1. Cβ-Cβ distance below 7 Å, separation of 6 or more or different chains: which pairs start in the stretch 1-15 with a residue that is under 19 Å from Ala55 (Cα atoms) and aliphatic (A, V, I, L, M) and end on one that is at pLDDT 95 or above and in a helix (DSSP H, G or I)?
2. For the stretch 67-87, what are the residues that are assigned to a loop (DSSP other than H, G, I, E, B), out of contact with any helix residue (DSSP H, G or I) (no Cβ under 6 Å at 6 or more places or on another chain) and either within 9 Å of the ligand (Cβ to nearest atom) or touching a residue at least 24 places away in the same chain (Cβ under 8 Å) (or both)?
3. Can you name every residue in the stretch 117-130 that is in contact with an Asp or Glu (Cβ under 8 Å, 6 or more places away or on another chain) and closer than 18 Å to Arg104 by Cβ?
4. Looking at the stretch 122-138, can you tell me whether even one residue there is more than 13 Å from the ligand (Cβ to nearest atom), in contact with a Gly (Cβ under 9 Å, 6 or more places away or on another chain), closer than 25 Å to Gly23 by Cα and of a type in the set (Lys, Arg)?
5. So, in the stretch 9-62, of the ones that are surrounded by fewer than 16 Cβ atoms within 10 Å (Cβ to Cβ) and within 11 Å of the ligand (Cβ to nearest atom), which residue ends up farthest from Thr76 (Cα to Cα)?
6. From the list Glu148, Glu131, exactly one residue is exposed (fewer than 13 other Cβ atoms within 10 Å of the Cβ) and touching a strand residue (DSSP E or B) at 6+ places or on another chain (Cβ under 6 Å). Which is it?
7. Tally up the residues in the stretch 25-45 that are part of a helix (DSSP H, G or I) and either at pLDDT below 95 or not β-branched (Val, Ile, Thr) (or both), please.
Amino acid sequence: MTRTHEQYMEEALEVARTAEEHGDVPVGVIIVKDGQVIARGEARVIVDSDPTAHAETVAIRRAAASLGSPYLAGCTMYDTFECCPMCCGAIMNSGIDTLVLGGRFEGPDRTYGDYSVAALIALTGADRRIELIDGVLKEKSRALFTPEKRNRWLQRMRGESPGWGKRA
Ligand SMILES: [Zn+2]
């Protein structure tokens with residue numbers, strides 16, 4: 001039986017919780033092909049000391065390894081939180097067909113000025129190829145990932161908050 005967008009997003013939210021357990025931001029991704037989850041990705045920036053290890057890039061690498069192909073045509077990404085410009089670029093390069101988003105920061109809590117996924121994919125012409133479905137379980141996603149959590153995570157990442165550093 002085909003699962004709904006909400007059911008897949010619930011699974012992505014479970015992945016997000018695992019990221020928070022190891023000290024990263026609670027953002028999670030799953031990638032689905034033909035109804036099957038082929039990869040999960042959790043934010044790993046702090047735990048891996050890798051500024052590019054966002055949930056989206058982690059999931060894309062795992063999906064490509066799983067398929068034995070760098071091209072993810074036919075795949076749908078469920079992303080609990082609106083991805084950053086780097087990850088939006090990775091999604092466009094990956095060939096993913098459908099992007100389903102959960103929550104996002106709004107107003108003064110926004111991170112990247114006027115950037116949005118919709119604006120970047122329209123700017124690059126990718127909107128003619130990528131289907132964007134927005135706001136799935138938005139409130140649950142935003143309850144899990146708050147601006148306060150983001151700010152604490154930024155401090156940890158930058159080493160500004162002794163005692164909050166990477167766990168041994
Ligand atoms: Zn990102």
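1. Going by the 7 Å Cβ cut-off, the qualifying pairs are Leu13/Lys140; Leu13/Ser141; Leu13/Leu144.
2. Tyr71, Ala73, Gly74, Cys84
3. Applying the first criterion (in contact with an Asp or Glu (Cβ under 8 Å, 6 or more places away or on another chain)) to the stretch 117-130 yields 117-118, 121, 129-130.
Across the stretch 117-130, the qualifying residues are Val117, Ala118, Ile121, Ile130.
4. Yes; the residues of the stretch 122-138 include at least one that is more than 13 Å from the ligand (Cβ to nearest atom), in contact with a Gly (Cβ under 9 Å, 6 or more places away or on another chain), closer than 25 Å to Gly23 by Cα and of a type in the set (Lys, Arg).
5. Pro51
6. Details: Glu148 fails: touching a strand residue (DSSP E or B) at 6+ places or on another chain (Cβ under 6 Å).
Matching residue, one of Glu148, Glu131: Glu131.
7. First, the residues of the stretch 25-45 that are part of a helix (DSSP H, G or I): 45.
Among the residues that remain, those that are also either at pLDDT below 95 or not β-branched (Val, Ile, Thr) (or both) are: none.
Adding up the residues that qualify gives 0.
Residues are listed down the side, and each one gets a yes or a no for (1) within 13 Å of the chain's Cα centre (by Cα); (2) of a type in the set (Gly, Ala, Ser); (3) surrounded by fewer than 17 Cβ atoms within 10 Å (Cβ to Cβ); (4) closer than 24 Å to Asp34 by Cβ:
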{"site": "Ile91", "(1), (2), (3), (4)": "yes, no, no, yes"}
{"site": "Tyr115", "(1), (2), (3), (4)": "no, no, yes, no"}
{"site": "Ile121", "(1), (2), (3), (4)": "no, no, no, yes"}
{"site": "Ala126", "(1), (2), (3), (4)": "no, yes, no, yes"}
{"site": "Arg152", "(1), (2), (3), (4)": "no, no, yes, no"}
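The values are calculated or read from the model by the stated rules, or taken from the named source; none is laboratory data. Please read these numbers as outputs of a predicted model, since none were measured by experiment. Cβ coordinates were reconstructed from backbone atoms using ideal geometry, including for glycine residues, and neighbour counts include every protein chain displayed.
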